[in-house]
Amino acid sequence: MLFYINMKTFFPIFATIFIFYLVYFFAVYPLTRVPYVKTKKKILALIFTELKITPSDVIYDLGCGTGTFLLAAEKFQPKKSVGFELSPLHFLLAKINVWLKKSRAEIIYQNFFQADFSQADIIYIFLTIPTKKLGEKITKEAKPGCRIISLGGAVPYLKLDKTIDCQKTNLYFYTIRH
């Protein structure tokens, strides 16, 4: 039996979802001030090659979106994975993804500026423009040896270890040294 789409039914459903997304985007974007952009699989592979995640690592993803990074990192069996997300829709999608994949990752609906970074061994950031405030918070709270990876923008106030050119963007690697 062929799959049949009734256009008279499909179009109103599609239009409703599209309008909902547009309204949501314009209502939530001012709250979070960041667009949702998924980390590409090729970049994830490169990050994991550089990171060498161990079973004793605690991973934080600041602005975890739908949980892509945390779910991909699970194959390395970290001790703990925690994602912080401020967008209600992406928080819900991340929770659903974690549940569907039977993941141990914890997704928290919270502004990561209110989070405590002291337990993190690895902090992943995918922000187009990381702020000095974030760099200061990481420097103040993260423990010595904590590895920070920023995709998209350099984090002010942190001492850069390495940069990898990923054609249209860059990966920035840092290690906290007190």
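The values are calculated or read from the model by the stated rules, or taken from the named source; none is laboratory data. This is a predicted model, so every value here is computed, not measured. Here the Cβ positions follow ideal geometry from the backbone for every residue, glycine too, while neighbour counts run over all protein chains shown.
Which residues, counting only those in the stretch 131-163, are of a type in the set (A, V, I, L, M) and either in a helix (DSSP H, G or I) or surrounded by fewer than 16 Cβ atoms within 10 Å (Cβ to Cβ) (or both)?
We begin by selecting, within the stretch 131-163, every residue of a type in the set (A, V, I, L, M); these are 134, 138, 142, 148-149, 151, 154-155, 158, 160.
134, 138, 154, 160 - these are the residues of the stretch 131-163 that are of a type in the set (A, V, I, L, M) and either in a helix (DSSP H, G or I) or surrounded by fewer than 16 Cβ atoms within 10 Å (Cβ to Cβ) (or both).
Tell me which residues, restricted to the stretch 138-161, are among the basic types (Lys, Arg) and either modelled with pLDDT under 95 or farther than 25 Å from residue 40 by Cα (or both). Let's see the steps before the verdict.
Step one: filter the stretch 138-161 for residues among the basic types (Lys, Arg), giving 140, 143, 147, 159.
Result: 140, 143, 159.
Between residues in the stretch 97-116 that are farther than 16 Å from residue 58 by Cα and residues that are surrounded by 13 or more Cβ atoms within 10 Å (Cβ to Cβ) and aromatic (Phe, Trp, Tyr), which pairs lie under 8 Å by C-beta distance while being six or more apart or on different chains?
Listed pairs, sorted by first residue: 109/91; 110/84; 111/84.
Only residues in the stretch 82-95 that are at positive phi and of a type in the set (A, V, I, L, M) count as the first member; pair them with residues that are crowded, with 20+ Cβ neighbours inside 10 Å and assigned to a helix (DSSP H, G or I), Cβ under 9 angstrom, at least 6 apart or cross-chain, and list the lot.
Every condition considered, no pair remains.
Given the criterion charged (D, E, K, R) and in contact with a Cys (Cβ under 9 Å, 6 or more places away or on another chain), identify the matching residue among 116, 161, 121, 165.
Every option except 121 fails the conditions.
In the stretch 79-118, what residues are in contact with a Lys or Arg (Cβ under 9 Å, 6 or more places away or on another chain) and of a type in the set (Val, Ile, Thr)?
Listed by number, the residues that qualify are 98, 107.
Here is a check on your reading of the model: is residue 125 assigned to a strand (DSSP E or B), in contact with a Ser or Thr (Cβ under 7 Å, 6 or more places away or on another chain) and among the hydrophobic types (A, V, I, L, M, F, W, C)?
Details: assigned to a strand (DSSP E or B): yes; in contact with a Ser or Thr (Cβ under 7 Å, 6 or more places away or on another chain): yes; among the hydrophobic types (A, V, I, L, M, F, W, C): yes.
Yes: the conditions hold for residue 125.
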